[in-house]
Amino acid sequence: MNRAFNRKKDKSWMHTPDALAKHYIPYNAKFLGNTEVDQPKGTEIVKEAVRKLKFQRHIKKSEGQKTQKVELQISIYGVKILDPKTKDVQYNCQLHRISFCADDKTDKRIFTFICKDSESNKHLCYVFDSEKCAEEVTLTIGQAFDLAYKKFLESGGKDVETRKQIGTLQKRIQELETENSGLKKQLWELEEQLMIAPVPPAGSISFKPPMSTDVFDMVPFSAVTPLVPIPASNGTPPPPTTTSPPDMSKDLFGAEPFDPFTCGQADFPPDIQSRLDEMQEGFKMGLTLEATVFSLEPLGGRC
């Protein structure tokens, strides 16, 4: 995890691992809103987002609208933003999607984080007024991210890339097996057609149309020469050869086809695999924590 603290020293975590793994840490805050940003990280990015949302909030305040109160529930499963009365979840920000988190070192109430939206895949910057505990909330999110990343590795996340490569190879093998089965079926159908082709009676003269030639008056090369049954010496047609359909459960060499879905415990269904890949990419990007100055002037009055 990438932890970039603009502080004198990295501060130790504030909560026990069980508090974030088995429960959650609640915080009450005022929600200034969220806005789309074009980068997953950056101090200047969040500064601009905070200025924008502060300005919008002042306009709404002048119109008599109050700032929305929310409850934050932070755990290794993410940051939930709920209505404090009804407990309805308004936003659920998973930790591997949070890439940047910062608090204002001059105004101890304002903190923000950037999270990638799960539906639109756009980066959204969330801004809060947390009643002078902005730094604590930021550190709590950082600790939750750290614990979630370790839990991800312990549950086998370090092998996601290997499983991804295995899955790609298994998919290709399955495609080849399907193609092989189709070719074997076509071959069997051609053999059946040859076996039922009519044989001219003995002594009869059959007219064979001239074969087409190329520009050099040569007969075009054919990789497959059609097989014609040869009459027996007594004039009777040869007995039909009994041909049974090929065993589709085996390949051309008599081996059992490879089944990509029964090759070990390291495989996952596609939907779970895609989620693991997404988590790996998110944790790989890391979470940057910073203390910065969002504005030369603190937020005037209470929101």
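The values are calculated or read from the model by the stated rules, or taken from the named source; none is laboratory data. Fair warning: this is a prediction, and the values are worked out from it, not measured in the lab. Note that we place each Cβ from the backbone using ideal geometry, even for glycine, and neighbour counts take in every protein chain shown. For the accessible areas, the whole protein counts, side chains as well, though only heavy atoms, and no ligand, DNA or RNA atoms are used. Shrake-Rupley method; radii C 1.70, N 1.55, O 1.52, S 1.80 Å.
If R0 is taken as 51 Å, the Cβ-Cβ distance between LYS87 and GLN39 corresponds to a FRET efficiency of 0.95. Across all Cα pairs in the stretch 93-136, the calculated P(r) in 10 Å bins from zero up to the longest distance comes to 30, 45, 23, 2 percent per bin.
Accessible area ranking (1.4 Å probe, heavy atoms, ligands and nucleic acids excluded), largest first, for LEU194, LEU169, LEU276: LEU169, LEU194, LEU276. Applying 1/(1 + (r/R0)^6) with R0 = 45 Å to the Cβ-Cβ distance of GLU179 and LYS122 gives a FRET efficiency near 0.65.
Of the cross-linked pairs LYS54/LYS150; LYS22/LYS60; LYS66/LYS150; LYS22/LYS66; LYS47/LYS80, those separated by over 31 Å at the C-alpha level are LYS54/LYS150; LYS22/LYS60; LYS66/LYS150; LYS22/LYS66. Which of PRO26, ILE74, THR16 sits farthest toward the positive end of the charge dipole of the stretch 16-94, with +1 on the Cβ of Lys and Arg and -1 on the Cβ of Asp and Glu? The Cα lying farthest towards the positive end belongs to PRO26.
What does the extension gain come out to for LYS105 and SER155, with contour length at 0.36 nm per residue minus their alpha carbon separation?
14.3 nm
Largest first and in whole Å, the equivalent-ellipsoid semi-axes of the stretch 17-155 read 24, 17, 14, each the square root of five times a Cα gyration tensor eigenvalue.
Computed from label points 7 Å out along Cα-Cβ, the spacing between GLU63 and GLN193 is 7.4 nm. Once R0 is set to 22 Å, what does the formula 1/(1 + (r/R0)^6) return for the Cβ-Cβ distance between CYS133 and HIS23, expressed as a FRET efficiency to the nearest 0.05? For R0 = 22 Å, the calculated efficiency reads 0.75. Heavy-atom accessible area for HIS58, with the other protein chains in place and a 1.4 Å probe, reaches approximately 80 Å².
Largest first and in whole Å, the equivalent-ellipsoid semi-axes of the stretch 51-100 read 26, 16, 6, each the square root of five times a Cα gyration tensor eigenvalue.
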